[in-house]
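Only one structure is covered here, and it is reproduced in the block below.
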Amino acid sequence: MSRKERRAARKAGELDTAAFLDVANKFIDLANRQNQTVKATDLHMAFLYAAARYNAYVANTVLNVEKHEDFVQHMVTQYTEMLRLHLADNKLAAPDEPTH
């Protein structure tokens, strides 16, 4: 998809897959850098906490979610699907640095 097509998709409210993956990769890069000084087992819980905190912020202030439990169940389903997909990915590369 060209840059012009991505801009048009964003204006139409469509998911821009390239931009989405770019942002996700920036978070992964940050995790890999932090892993130089923070154990992976601590780091993955910090990221999970941060995701929960940010998702609660978005639910409450951006989406104005009234039914919190419905939102929680939706997010749990999304996370479960993503986690299963990535666990099954045999091409998942380890970072260059050891994970302590």
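A few comments on the model shown:
- Fewest neighbouring Cβ atoms within 10 Å first, the residues 66, 14 line up as 66, 14.
- Percentage relative contact order, the chain, counting C-alpha pairs under 8 Å, at least six apart: 36 percent
- For trypsin sites (Lys or Arg not before Pro), the sites in the stretch 43-85 that DSSP calls loop and that have at most 15 other Cβ atoms within 10 Å are 67.
- Taking log10 I(q)/I(0) by the Debye sum over Cα atoms at q = 0.14, 0.24 Å⁻¹ as calculated from this structure, the corresponding entry among (1) -0.53, -1.30; (2) -0.60, -1.23; (3) -0.77, -1.31 is (3).
No value in this document is a laboratory result; all are computed from the given coordinates. Remember, it's a predicted structure, so these values are computed and weren't measured experimentally. Note: ideal-geometry Cβ built from the backbone for every residue, glycine included; neighbour counts use all protein chains shown.
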